[in-house]
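Each reported figure results from applying straightforward, stated rules to the coordinates on display, with no laboratory input. Remember, predicted model here, so these are calculated numbers, not experimental data. Note: ideal-geometry Cβ built from the backbone for every residue, glycine included; neighbour counts use all protein chains shown.
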Amino acid sequence: MARGWWPSYLALTGEARMRFGPVARYAGRVTYLITFSCYGTHLRGDPRGSVDRRQAMRGQPTIEPDEGRVARNRLRMTNPECRLDNDDRATVLWAIRETSAFRGWGLLAAHVRTEHVHVVVHAEASPESVVRDLKSYASRRLNRSGRWLDRRWTRGASTRWLKTRESVRAAVRYVVDEQGEPMAVYVSEDLRI
C-alpha cells in the first residue's frame, strides 16, 4: 500500500470505500497486525529472515542469511542489546493495554516475548502512529519500573493491514497460539467465546 493512502481512505464515503475492497472494520477502525522487535535482537542478515529497509515493501524477498553482516551490524550498535525478562514483559503488556484504552483502540490480542512484541489492534489511526504510541508508552512504563535503557526498540515495525474477519482471526491465532511457550499474553474478552 502506498504511503498516504490510509487517511484518504477514512475520508471516503462508505460507497467509495467499496472500490478499495473489504477491510475488517470495527466502529470505523482499521485492524492491524503489528510486530516490533527489541533493539539488537534481530539484525539484518539474521538466519530467521530480515529485510533491507530501503526495499521493505510487501512481497520483496528477504535478505539472505549472512553471519558476516550480522557481526558488522553488531559492531555498529550504539547501545547494548535489549531482552525483556518476565517483569519487563508484564510491564510492556500493561503499557499496551493502557495505551489502547487511553487512545480508544480496540486491542484484540497482544503477546510480549523476550525479543519482540505482536499486537492485533483496530484503531482509527495510521499504523505508524499506533507503533509510535505503543513503543513510547511501553518505554515510559519500563522507565518508571527502574529499567533504564537508551534504546529498547528497533526502528520501524512490521504493520500488516487485516482486510477480512478471517484474516483478523488468523492473526489473533498466530499471536496467541503460534509463538511457542506463552509469555505475557492478552486476548480480548470478546474473542474468548
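Observations
- Annotation: V131 fulfils all but one of (1) farther than 17 Å from V175 by Cα; (2) part of a helix (DSSP H, G or I); the unmet one is (1).
- Checking each residue in region 140-171 for being part of a helix (DSSP H, G or I), touching a helix residue (DSSP H, G or I) at 6+ places or on another chain (Cβ under 8 Å) and surrounded by 15 or more Cβ atoms within 10 Å (Cβ to Cβ) picks out R141, L142.
- Enumeration of residues in region 155-189 that are out of contact with any strand residue (DSSP E or B) (no Cβ under 7 Å at 6 or more places or on another chain), among the charged types (D, E, K, R) and touching a residue at least 12 places away in the same chain (Cβ under 8 Å): R155, K163, R165
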